[in-house]
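Contents: one structure, followed by commentary.
The values are calculated or read from the model by the stated rules, or taken from the named source; none is laboratory data. Remember, it's a predicted structure, so these values are computed and weren't measured experimentally. Note: ideal-geometry Cβ built from the backbone for every residue, glycine included; neighbour counts use all protein chains shown.
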Amino acid sequence: MGNVTPVKVNQEQAIAKKTGLDVSQVSAGVVMYGDKPFVNITGKRYKMDDRFGPGKWGTRVDQIKGDDYDHMLKMWGKKPPCIIMKAQILFNGDVLAEDYGWSSPDSAPAGARQFEKDGVGIASSKAQSRAMSQLVANGFASEEKAERGRMMIETGSIEAGFLRDSSKLKKEIGPEKYYQVLKDHDVDHADDPKLQGSPKKMQAILNDMKDGDAWEVVVDRKELLSKVLDEDVPKQAREDAVCDLMMDLEKEEKLIGECPVDSEQTYADIMSEYVSKAMKESNFGKAYDVLKRSMELV
């Protein structure tokens, strides 16, 4: 990803346009990875305030313990000491998004001493940042989308999921009903910028397209699998893809209910064991192979 550097003063106007932040917010809310701007946790808070209103949204952070902690350590291929926190983004009493963050002695920016002093804070910040990323344009800005007057779509965001699901529904219900529902919600297209950062409105559109039935978002396994080997994707996002895909596959009856010949372990147990070992070594190729073979079984 290159070295992290602050935004130069003479770049602030251009970076503000790319990220959607105010010029006055760029110095605190954006850092540069090479020549690409990245919205940090401060910038994401600015975006949350802009979309939901200052003081109108909040966060709740809890430490993961017990069986859930043991399960997540196994999935991530990590060992204690490791702190795992879960953050939820709240708006009008509803949980709009939640995600996890972790810290360990070898991952803390300043090493074991910083982990001992502020491990909980590091993990909390990661969790909050990742949860907010689901509700705002996260990661690298999409300048092309912004200039065309459309949504800023980032991998893993609610907007990305909405466009994927609405596209599937368009094929199912036909373009006439599809565009009528959008019109009923005062938008012409699914990527209308009016919908940016409005998860409830996006969900209402999907529900109306399904005649009021709840719409369950289906994990795009092929997309997650392709991300695992994509070296242009940040390492943390690749690790998240491995975790998300493995968790989704662990729901499959074929994997949790059947064992290979001459084995007492289920396919799910074997998958988890091999993937966890691979991630301990940061061996994305091995994790990819195991997940791919598991997908082929179902």
With the checklist (1) at pLDDT 90 or above; (2) not in a helix (DSSP H, G or I) in hand, flag the one item V31 doesn't pass. (1)
If A28 meets every condition in (1) among the small types (G, A, S); (2) at positive phi; (3) free of Cβ contacts under 8 Å to residues at least 40 places away in the same chain apart from one, which number is that one? (2)
K222 being over 19 Å from D68 (Cβ atoms), of a type in the set (K, R) and modelled with pLDDT of 80 or more: yes
Which pairs do you get when a residue that is of a type in the set (G, A, S), found in the stretch 63-86, comes within reach of a residue that is surrounded by 13 or more Cβ atoms within 10 Å (Cβ to Cβ), reach meaning Cβ atoms under 7 angstrom, with the pair 6+ apart or on two chains? G77/S276; G77/K277; G77/M279
Only one of V9, V31 is under 27 Å from K86 (Cβ atoms) and not assigned by TED's automatic domain parsing to the domain that holds S129; which? V31
Exactly one condition in (1) surrounded by fewer than 14 Cβ atoms within 10 Å (Cβ to Cβ); (2) at pLDDT 80 or above; (3) among the hydroxyl-bearing types (S, T, Y) is not met by S263; state its number. (2)
Give the residues of the stretch 82-99 that are under 24 Å from L135 (Cα atoms) and surrounded by 15 or more Cβ atoms within 10 Å (Cβ to Cβ), sorted by residue number. I84, M85, K86, A87, Q88, I89, L90, F91, L96, A97, E98, D99
So R60 clears everything in (1) part of a helix (DSSP H, G or I); (2) within 18 Å of the chain's Cα centre (by Cα) except one condition, right? Which one? (1)
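Do the conditions hold for W102, that is, is it within 30 Å of K277 (Cβ to Cβ) and either touching a His at 6+ places or on another chain (Cβ under 9 Å) or hydrophobic (A, V, I, L, M, F, W, C) (or both)? Break it down into steps so the answer makes sense when it comes.
Values: within 30 Å of K277 (Cβ to Cβ): yes; either touching a His at 6+ places or on another chain (Cβ under 9 Å) or hydrophobic (A, V, I, L, M, F, W, C) (or both): yes.
Answer is yes for this residue.
Can you go through D262, D230, D211 and tell me which one is part of a loop (DSSP other than H, G, I, E, B), under 30 Å from Y179 (Cα atoms) and acidic (D, E)? Reasoning before the result, please.
Values: D262 fails: under 30 Å from Y179 (Cα atoms); D230 fails: under 30 Å from Y179 (Cα atoms).
So the residue among D262, D230, D211 that is part of a loop (DSSP other than H, G, I, E, B), under 30 Å from Y179 (Cα atoms) and acidic (D, E) is D211.
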Any idea which of (1) in contact with a Phe, Trp or Tyr (Cβ under 8 Å, 6 or more places away or on another chain); (2) modelled with pLDDT under 90; (3) not in a strand (DSSP E or B) is the one P37 doesn't satisfy? (3)
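Keeping to the stretch 274-298, report how many residues are over 23 Å from Q236 (Cβ atoms) and surrounded by 13 or more Cβ atoms within 10 Å (Cβ to Cβ).
Narrowing the stretch 274-298 to residues over 23 Å from Q236 (Cβ atoms): 293, 296-298.
From what is left, the residues that are surrounded by 13 or more Cβ atoms within 10 Å (Cβ to Cβ) are 293, 297.
Number satisfying all stated conditions: 2.
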Kindly indicate which of K65, K79 is among the charged types (D, E, K, R), surrounded by fewer than 19 Cβ atoms within 10 Å (Cβ to Cβ) and within 14 Å of K280 (Cβ to Cβ). K79
